[in-house]
1. With +1 on each Lys and Arg Cβ and -1 on each Asp and Glu Cβ, and nothing else charged, work out how big the dipole of the chain is about its Cα centre, in Debye to the nearest 20.
2. Just going by the charge dipole of segment 238-346, with Lys and Arg at +1 and Asp and Glu at -1 on Cβ, which of GLY309, GLY257, SER271 is farthest out on the positive end?
3. Put +1 on the Cβ of every Lys and Arg and -1 on every Asp and Glu Cβ in the chain; which of GLN170, SER190, ALA63 then has its Cα farthest towards the positive end of the dipole?
4. Find the relative contact order for segment 233-346 and round it to a whole percent, using C-alpha pairs within less than 8 Å whose residues are 6+ positions apart.
5. Pull out the extension gain between ALA302 and LEU344, defined as 0.36 nm times the separation in residues minus the alpha carbon to alpha carbon distance; nm, one decimal.
6. Note down the magnitude of the dipole of segment 92-224 about its Cα centre, charges +1 on Lys and Arg C-beta and -1 on Asp and Glu C-beta and zero elsewhere, to the nearest 20 debye.
7. With θ set to phi - 60° and the Karplus curve 6.51 cos²θ - 1.76 cosθ + 1.60, what are the ³J(HN,Hα) couplings of segment 26-33 in order, to the nearest whole Hz, using x for Gly and Pro?
8. Mind listing the phi-derived Karplus ³J(HN,Hα) values for segment 186-199, rounded to whole Hz, using 6.51, -1.76 and 1.60 with θ = phi - 60°, and x for any glycine or proline?
Amino acid sequence: MCVRACLAALACAGLLASGSVVAAPRDPTPQRYHLQARASELDPRVKPHPEADFVLEKDGKPADVEHASVDTRVKSRGRLVVWLMDYNDALFTLLNDLGLHAVQPHYANKWFAILKPRDRMDRGDVRLEAATGRDVSDQIDIPPPDSMMERVRAMLLGLSQKHPQGDWRQFLSSDGSEVRWGKVIVAGASHGATTAARFAQEVRVDRVVMLCGPRDQDQDWQALPSETPPARYFGFSHVLDGGWKNDHYCRSWELLGLHAFGPIVNVDDASPPYGNSRRLITAVDVGGDANRAHSVVQPGKASPQGPDGKARYEPVWRYLFTHPVGEVGEPAPADPDCLQEHLLGG
């Protein structure tokens, strides 16, 4: 059963300021919950940033709706997935089936086609400011209340108050002032995967899941030291995806150091645990459609089904989100055919 709830009364009740949380009671009616709320109603400090196409309303409709889901029938793994793309119900249902909590915050992520990088760190700085609210880029001005980090905290405060049976409070510090990022899996697809990787370099998280990403082929931030150990990064892409054909993903994976944990593994010819590799690919038939290739690696209509009618990549997604991070493959050499030098803006 899917329950849609609005947490709009939170800000009016002053609960964001207090930071109070309550203990999670046993759910008398265990089920899957899908909850929604507007970021601007959860936190009165929220503001639009139209210069980065980051608005609260569009065409007369709310544009800042955020999503959360959990299945209280499933034993919790004590991990929260923060998804840095549009809400994907098929993905969130899968995550809940795996015992994972999941949220999708509304944060500044539509600047990608607007702001052009001027040097080889620019785009990484923009990603970092949008994610953390720290003033690290002169191309945008995203204060903490409008950053991904603070939006997630505001969501968890609201969920802790309005949906205690979901046990959302476990992902907050005791006083509610911080997210317990060590219990968070930050994940995304395409530019969301790229921002997830940049954020995890700055803040230690439990795991990073990168579907069809990361990109930023003309940037060098991927080689920066990472607070999140490289063994906790997991990637999955299709070989006909433009990001793969143009050596964007293979380059980022190597700069992140993922070749230290196993070779690239084609999941079409392998079974879990895929040699404990962090670099997975597929060559499933997509009719030569690069756009479909870009989307098949995440749950949804574009992703293929197996002979049993289930999603073909369900074992892959289970691996990406739950494989023990301490189990790693043998180091592999860098790929000499992976182009490392891309011209700025190319």
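Just so you know, all these numbers are worked out from the coordinates, no wet-lab data involved. It should be emphasised that the depicted structure is a prediction, and the values quoted were computed from it without experimental measurement. Neighbour counts are summed over all protein chains in view; Cβ atoms, including those assigned to glycine, are modelled from backbone coordinates with ideal geometry.
1. That gives a dipole near 1100 debye.
2. Projecting each Cα onto the dipole axis, the largest value belongs to GLY309.
3. So the residue we want is GLN170.
4. Relative contact order, segment 233-346: 34 percent.
5. 11.9 nm
6. Roughly 320 debye for segment 92-224.
7. 5, 6, x, 10, x, 5, 8, 10
8. Here the 3J(HN,Hα) series is 9, 9, x, 10, 6, 5, x, 5, 5, 5, 4, 5, 5, 4 Hz.
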